[in-house]
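The values are calculated or read from the model by the stated rules, or taken from the named source; none is laboratory data. Keep in mind that what you see is a predicted model, and the values were worked out from it rather than measured. So basically every Cβ, Gly included, is an ideal-geometry build from the backbone, and we count neighbours across all protein chains shown. SASA here: full protein model, heavy atoms, side chains in, ligands and nucleic acids out. Shrake-Rupley method; radii C 1.70, N 1.55, O 1.52, S 1.80 Å.
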Amino acid sequence: MEGTGDQPADELVLAFQYLVPNTAREWEFALAVPFEAPLSVGPGNAGALVDAGIEIDGHSHSAQQAVWVDPVPAQAAVLASLSGLGFDVRGTRIEPGWLRGMQQDLPFHQVIEFAESARLPALTAVEISFLTGEDGVEVTWQARTDGGKRSGGFYLDHTEADEDEVAAVVAAELAAD
């Protein structure tokens, strides 16, 4: 059976209600991924997880499956800029709650952590979060220094994904005192 992403889940359940043992069925579907979904960046980070389940004889079986989420061009340009400055992704984490002063749909946000860079030794670590929407990306960052913390942010329209221009913005943000 082939379905569409618009096919209600209960129709799929009914279509598979009587399966012959040891047979396989396939169908196509679409998954709407919100702009704010966690990105698949860094070591061991699969990005978003989807709970896939099946019920057999009244017993539910489910497993979480990873969905790879690539950055949009503006996010990719920021990540490339940080890499160009010598920052390597150390890891990511999901934090509950909202970014201060930002309007977002999901009740959590992803923080991408970067190890220190030899090119900017005054910064011992950098963390960024993206708040992405239809029009652009709000980038917030926080850097640890020997003397404390610094933070800032900037906005990129989706049409402003030129890596050289974004690299200049990122470098200026992080180098500012």
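Among the residues of region 151-175, which ones are in a helix (DSSP H, G or I) and hydrophobic (A, V, I, L, M, F, W, C)?
Narrowing region 151-175 to residues in a helix (DSSP H, G or I): 163-175.
Residues satisfying the conditions are Val166, Ala167, Ala168, Val169, Val170, Ala171, Ala172, Leu174, Ala175.
Residue-wise test of (1) within 16 Å of Val89 (Cβ to Cβ); (2) among the charged types (D, E, K, R).
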residue: Phe114; (1), (2): yes, no
residue: Ser117; (1), (2): yes, no
residue: Leu120; (1), (2): yes, no
residue: Leu123; (1), (2): yes, no
residue: Thr132; (1), (2): no, no
residue: Val137; (1), (2): no, no
residue: Gly147; (1), (2): no, no
residue: His158; (1), (2): no, no
residue: Asp162; (1), (2): no, yes
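Inside region 103-116, can you point out the residues that are in contact (Cβ under 8 Å) with a residue 24 or more places away in the chain, closer than 19 Å to Gly153 by Cβ and not in a loop (DSSP other than H, G, I, E, B)?
His109, Gln110, Ile112, Glu113, Phe114
Inspect all residues belonging to region 124-143 and state whether any of them is surrounded by fewer than 14 Cβ atoms within 10 Å (Cβ to Cβ) and within 19 Å of Val72 (Cβ to Cβ).
yes
If only one of Gly86, Gly147 is among the small types (Gly, Ala, Ser) and on the phi > 0 side of the Ramachandran plot, which one is it? Even if it seems obvious, please write down each step before you answer.
Numbers: Gly147 fails: on the phi > 0 side of the Ramachandran plot.
Exactly one residue qualifies, and that residue is Gly86.
Conditions tested, residue by residue: (1) at pLDDT 90 or above; (2) among the β-branched types (Val, Ile, Thr); (3) in contact with a helix residue (DSSP H, G or I) (Cβ under 9 Å, 6 or more places away or on another chain).
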| residue | (1), (2), (3) |
| --- | --- |
| His59 | no, no, no |
| Gln65 | no, no, no |
| Ala74 | yes, no, yes |
| Ala77 | yes, no, yes |
| Pro96 | no, no, no |
| Gln110 | yes, no, no |
| Gly133 | no, no, no |
| Phe154 | yes, no, yes |
| Val170 | yes, yes, yes |
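Identify, from the list Arg119, Arg100, the residue that is of a type outside the set (Ser, Thr, Tyr), without any contact (Cβ under 8 Å) to a residue 24 or more places away in the chain and outside any strand (DSSP E or B). Walk me through it before giving the result.
On the way: Arg119 fails: without any contact (Cβ under 8 Å) to a residue 24 or more places away in the chain.
Step by step, each of Arg119, Arg100 is checked, and only Arg100 is of a type outside the set (Ser, Thr, Tyr), without any contact (Cβ under 8 Å) to a residue 24 or more places away in the chain and outside any strand (DSSP E or B).
When region 96-123 is examined, which residues are found to be open to solvent by 30 Å² or more (accessible area, probe 1.4 Å), farther than 14 Å from Thr145 by Cβ, touching a Leu at 6+ places or on another chain (Cβ under 7 Å) and of a type in the set (A, V, I, L, M, F, W, C)?
The one that is open to solvent by 30 Å² or more (accessible area, probe 1.4 Å), farther than 14 Å from Thr145 by Cβ, touching a Leu at 6+ places or on another chain (Cβ under 7 Å) and of a type in the set (A, V, I, L, M, F, W, C): Met102.
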